[in-house]
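Read-outs throughout are calculated quantities, based only on the coordinates presented, and are distinct from any laboratory measurement. Computed from a predicted structure; not experimentally measured. Every residue, glycine as well, gets a Cβ built from its backbone with ideal geometry; the counts of neighbours run over all protein chains shown.
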Amino acid sequence: MRRLEQAVTAYETDLRQRVDTRGENFKIMLVGRTHEERAEAGAMLVGLADRQKSARGPVELGNFAGFRLEFRPFVQEKVMLRGAMTYHANVSGNPLGVIGSLEHAARSIEERMANAREGLARTRQNISEMSALMGLPLRARVAVSRGGRPARG
């Protein structure tokens, strides 16, 4: 449960940090240079990732949507947006596809946070139900676990 609580908090932090890149708001910084054209940025990112395949560890490539953009050679065909959480994007030979995948990764935070909140609510409910069962005698717990009602007396 603690991990889910931490994940929700981290997603909330990332949402506050995220910068809108939709439409004409698109900007990405790659190796110190700001790009505002998706195709050009995608082509540069594909080339950067390809050149870093033999790196010994994570390589920071720039910034996108308010997050550090990183390539890890041991996670092939992926780049990562790093905030409080990490979001993966696919690297392919298609420059616009790479940018689309990055944009999708940045936009997926709400969905991920909703999933974590749902998991947290389910976990709390399960704990509550299990706690209620713990006070029952063994026979009653077995009956409830089989979908029945606890036997009286």
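Please list 47-59, 111-123, 66-78 highest first by mean number of surrounding beta-carbon atoms within 10 Å per residue.
Highest to lowest by the protection proxy: 66-78, 111-123, 47-59.
Please determine, in degrees from 0 to 90 and to the nearest 10, the orientation of helix 2-17 with respect to the longest principal axis defined by the Cα atoms of the chain, where the helix direction is its Cα long axis.
It is inclined by approximately 30 degrees.
In degrees between 0 and 90, to the nearest 10, how far off the longest principal axis of the chain does helix 95-107 point, with axes built from Cα atoms?
For 95-107 against the chain, the angle is about 40 degrees.
Round to the nearest 0.05 the FRET efficiency obtained for residue 25 and residue 55 when R0 = 30 Å and r is the Cβ-Cβ distance.
E between residue 25 and residue 55, to the nearest 0.05, is 0.45.
Given that just one value was derived from the coordinates, which of [x] 151; [y] 117; [z] 217 is volume of the Cα convex hull per residue in Å³?
Read-out from the structure maps to [x].
For the chain, what does the helix formula give at 222 nm: sum of -39500 (n - 2.57) over DSSP H segments with n ≥ 4, over the residue count, nearest 500 deg cm²/dmol?
It comes out at -16500 deg cm²/dmol, rounded to the nearest 500.
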